[in-house]
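Participant: Let me give you the structure first, and then I'll get to my questions.
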Amino acid sequence: MKTLFINIKGLLQVRDAKTTMLKGSEMRILPRLEDAFLLVEDGIITDFGEMRYVNTDAAQKVVDLEGSYVLPTWIDSHTHLVYAGNREQEFVDRINGLTYAEIAQKGGGILNSAQRLQQTSEETLYRESEKRLQQVIAQGTGAIEIKSGYGLTMEAELKMLRVIKRLKEHYPITVKATFLGAHAVPAEYKENREGYMDLVIDEILPAVAKEGLAEYIDIFCEEGYFTVHDMERLLVAAKAYGLIPKVHVNQFHIIGGVPAAVKHGALSVDHLEVIENEDIEALKQSNTMPVALPLCSFFISIPYTPARKLIDAGLPLALATDYNPGTAPSGNMNLAVATACIKMKMTPEEAINAATVNAAYAMGLSATHGSITKGKKANFMVTKEVPSYAYLPYDFGNNNIDAVYLNGEPFKMS
Ligand code: NIG
Ligand code: FE
């Protein structure tokens, strides 16, 4: 089946297949065609160009997109979309003056979500999660990474990862799963963190690998959670199973997570709200993608990842939502892009590059996603009639997406 999309006001992020990572000043450029067409064949982009070169005979179906911009779908490379219940009481507690750390010390935070998840059936967890997945697709996300980490027992971690697998099988969006068993130390192991690490490494990790439930490995490397030593142990063990690191580092404190993750070949290092020069130097010598999560900074009022410092040092940067019940209860990539522009002083071009090309790199999807490229998946979104693409982050909080196409087919919420 060949479908031809015509009269596109601006076809954004038009790239050749060689572009996989945009660094420093490269991020300022957003290649585009004005008054363009796009040809899709069996779910793959096979051609595009200016309207004056269009051949309408080539298609079985023609869709007129007059006045709209077309851009590749967002790639959300860091989420915790599978969770049970919500944490609005903690939100109120924070308004009343408690910090994220104080709430966690009282048994809230990740352990609160873990308790709820352990008590929730796999079926209910799937139903709650698929609603969120449908919503983020409608908001323009065409590939998503989802972590475990609210299970913290063998049974509950596997339950989460099976739910992720089921979502992957039932929805046209590309899904990648990450094993985050080392997300927080369960109360039973409060005085025995090493013992919990043994459980994660010696028992849960092999079970996850045996069922082929994850491609990536993650750990919350942070004061009060896990040390750099724990991270190194885990990454070495996970490597034996072929799991690639994508890790939580430098959210609240700098404890050496970035250089250690780089040393172990991390695909991405995520959060980086706090960062020092040694981290920047380590990243410069690496192929690791730094990932910023502006909705987390927004929601829990912590510093934003210093995007200007990273980009101006010549580094790449990706954006993701961190969708989770504690620090970012929104998976809206449009809002993440707008927040990056407003609060992190990224230009619209930089933010769009960070949420597409660089984000695809951060989840190992450069060959198939992240740009309008011949041979890549026909995953793209069509805007409403808007005056320019900079209008998208400018008009923050409003929905300017008219349609989302995955594998060349329009997505409809059920
Ligand atoms: O990325 N920092 C660790 N994990 C999540 C928050 C988890 C939670 O509070 O439930 C994050 O912000
Ligand atoms: Fe996270």
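The values are calculated or read from the model by the stated rules, or taken from the named source; none is laboratory data. All values reported here derive from a predicted model rather than from experimental measurement. Heads up, the Cβs are rebuilt from the backbone with ideal geometry, glycines too, and the neighbour counts pull from every protein chain shown. To get the accessible areas, we keep the full protein, side chains included, count just its heavy atoms, and leave off ligands, DNA and RNA. Shrake-Rupley method; radii C 1.70, N 1.55, O 1.52, S 1.80 Å.
Participant: Looking at segment 127-142, can you tell me whether even one residue there is among the hydroxyl-bearing types (Ser, Thr, Tyr), more than 30 Å from Lys384 (Cα to Cα), within 22 Å of the chain's Cα centre (by Cα) and at pLDDT 95 or above? First the steps, then the outcome.
Facilitator: First pass over segment 127-142, keeping only residues among the hydroxyl-bearing types (Ser, Thr, Tyr): 129, 141.
Add one more test, that the residue is more than 30 Å from Lys384 (Cα to Cα), and what stays is none.
No: zero hits.
Participant: Which members of segment 264-294 meet the condition of being out of contact with any Leu (no Cβ under 9 Å at 6 or more places or on another chain) and either open to solvent by 10 Å² or more (accessible area, probe 1.4 Å) or without any contact (Cβ under 8 Å) to a residue 60 or more places away in the chain (or both)? Spell out the reasoning first.
Facilitator: Applying the first criterion (out of contact with any Leu (no Cβ under 9 Å at 6 or more places or on another chain)) to segment 264-294 yields 267-268, 274, 276-278, 281-282, 285-286.
Those that are out of contact with any Leu (no Cβ under 9 Å at 6 or more places or on another chain) and either open to solvent by 10 Å² or more (accessible area, probe 1.4 Å) or without any contact (Cβ under 8 Å) to a residue 60 or more places away in the chain (or both): Leu267, Val274, Glu276, Asn277, Glu278, Glu281, Ala282, Gln285, Ser286.
Participant: Return the residue satisfying two criteria in turn: it lies in segment 237-250 and is away from ligand 2 (no atom under 12 Å from the Cβ) and part of a strand (DSSP E or B), and of such residues it is farthest from Pro306 (Cα to Cα).
Facilitator: Ile244
Participant: I'm checking my understanding of the structure. Among residues of segment 91-124 that are of a type outside the set (A, V, I, L, M, F, W, C) and within 16 Å of ligand 2 (Cβ to nearest atom), which one is farthest from Ser268 (Cα to Cα)? Break it down into steps so the answer makes sense when it comes.
Facilitator: First, pick out the residues of segment 91-124 that are of a type outside the set (A, V, I, L, M, F, W, C): 93-94, 96-97, 99-100, 102, 105-109, 112-113, 115-116, 118-124.
Cutting the leftovers down to within 16 Å of ligand 2 (Cβ to nearest atom) gives us 100, 109, 112-113.
Values: Tyr100: 24, Gly109: 24, Asn112: 27, Ser113: 25 Å.
Filtering segment 91-124 for residues that are of a type outside the set (A, V, I, L, M, F, W, C) and within 16 Å of ligand 2 (Cβ to nearest atom), the one farthest from Ser268 (Cα to Cα) comes out as Asn112.
Yes/no per residue for (1) within 21 Å of Ile219 (Cβ to Cβ); (2) assigned to a loop (DSSP other than H, G, I, E, B); (3) more than 14 Å from ligand 2 (Cβ to nearest atom); (4) modelled with pLDDT under 95:
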position	(1), (2), (3), (4)
Phe252	yes, yes, no, no
Val269	yes, no, no, no
Asn287	yes, yes, yes, no
Leu295	no, no, no, no
Tyr304	no, yes, yes, no
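Participant: Ok, one more. Does Gly326 fit the bill of being open to solvent by 10 Å² or more (accessible area, probe 1.4 Å), part of a loop (DSSP other than H, G, I, E, B), in contact (Cβ under 8 Å) with a residue 40 or more places away in the chain and over 20 Å from Val14 (Cβ atoms)? Give the derivation first.
Facilitator: Details: open to solvent by 10 Å² or more (accessible area, probe 1.4 Å): no; part of a loop (DSSP other than H, G, I, E, B): yes; in contact (Cβ under 8 Å) with a residue 40 or more places away in the chain: yes; over 20 Å from Val14 (Cβ atoms): yes.
No, not satisfied.
Participant: Within segment 101-120, is there a residue that is away from ligand 1 (no atom under 13 Å from the Cβ) and of a type in the set (A, V, I, L, M, F, W, C)?
Facilitator: no
Participant: Here is a check on your reading of the model: is Thr20 more than 16 Å from ligand 1 (Cβ to nearest atom) and of a type outside the set (D, E, K, R)?
Facilitator: Values: more than 16 Å from ligand 1 (Cβ to nearest atom): yes; of a type outside the set (D, E, K, R): yes.
Answer is yes for this residue.
Participant: Quick test for you: out of Thr339, Thr347, pick the one residue that is within 16 Å of ligand 1 (Cβ to nearest atom), open to solvent by 10 Å² or more (accessible area, probe 1.4 Å) and assigned by TED's automatic domain parsing to the domain that holds Val82.
Facilitator: Values: Thr347 fails: within 16 Å of ligand 1 (Cβ to nearest atom).
Among Thr339, Thr347, only Thr339 is within 16 Å of ligand 1 (Cβ to nearest atom), open to solvent by 10 Å² or more (accessible area, probe 1.4 Å) and assigned by TED's automatic domain parsing to the domain that holds Val82.
Participant: What tally of residues in segment 155-177 results from selecting those that are without any contact (Cβ under 8 Å) to a residue 60 or more places away in the chain and open to solvent by 10 Å² or more (accessible area, probe 1.4 Å)?
Facilitator: Restricting attention to segment 155-177, the residues satisfying the condition of being without any contact (Cβ under 8 Å) to a residue 60 or more places away in the chain are 155-159, 161-162, 165-166, 168-171, 175, 177.
Within this subset, residues satisfying the condition of being open to solvent by 10 Å² or more (accessible area, probe 1.4 Å) are 155, 158-159, 162, 165-166, 168-171.
So the count comes out to 10.
Participant: A further question on this structure: Among the residues of segment 65-90 satisfying the criterion of being part of a loop (DSSP other than H, G, I, E, B) and hydrophobic (A, V, I, L, M, F, W, C), which is farthest from ligand 2 (Cβ to nearest atom)?
Facilitator: Taking segment 65-90 as the starting set, the residues that turn out to be part of a loop (DSSP other than H, G, I, E, B) are 65, 67-68, 73, 77-87.
Then keep just the ones that are hydrophobic (A, V, I, L, M, F, W, C); that gives 65, 81-82, 84.
Details: Leu65: 35, Leu81: 11, Val82: 12, Ala84: 16 Å.
Filtering first and then ranking leaves Leu65.
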